[in-house]
């Protein structure tokens with residue numbers, strides 16, 4: 001997906017959970033770039049045969065199997081994206097940090113709901 005499409009999707013997700021703030025636009029922009037790059041790396045990994053290990057020839061001419069550099073990069077980009085998702089409140093822990101009330105509202109038990117309905 002392209003950066004603009006990711007940006008739109010991220011903004012929609014933030015609005016859906018109630019964490020969208022104009023101040024978060026630089027983080028949203030960075031996350032969109034990270035996700036576009038991740039998509040490109042994933043496409044290259046798939047095109048390369050989705051191999052977890054690849055052959056590598058060192059300076060001495062010895063051939064060894066090493067973890068696919070594309071897979072390493074993909075993992076790093078996913079970890080970076082996860083950090084941005086947390087910052088934007090798009091994970092349960094991130095949402096809790098941003099808006100404790102949003103999480104508490106979803107935790108109401110059936111008894112609490114009935115009592116609130118009787119009150120209102």
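Some observations on this one:
- A single entry from 23, 16, 60, 4 fulfils the requirement of being exposed (fewer than 11 other Cβ atoms within 10 Å of the Cβ) and in a loop (DSSP other than H, G, I, E, B): 60.
- The residue of segment 71-120 that is modelled with the highest pLDDT, among those that are farther than 22 Å from residue 38 by Cα and not in a helix (DSSP H, G or I), is 99.
- Filter result for residue 54 (without any contact (Cβ under 8 Å) to a residue 24 or more places away in the chain, more than 28 Å from residue 95 (Cα to Cα) and either under 15 Å from the mean Cα position of the chain (by Cα) or assigned to a helix (DSSP H, G or I) (or both)): no
The values are calculated or read from the model by the stated rules, or taken from the named source; none is laboratory data. None of the values given here were measured: they were computed from a predicted structure. Ideal geometry is used to build each Cβ from the backbone, glycine not excepted, and the neighbour counts take in all protein chains shown.
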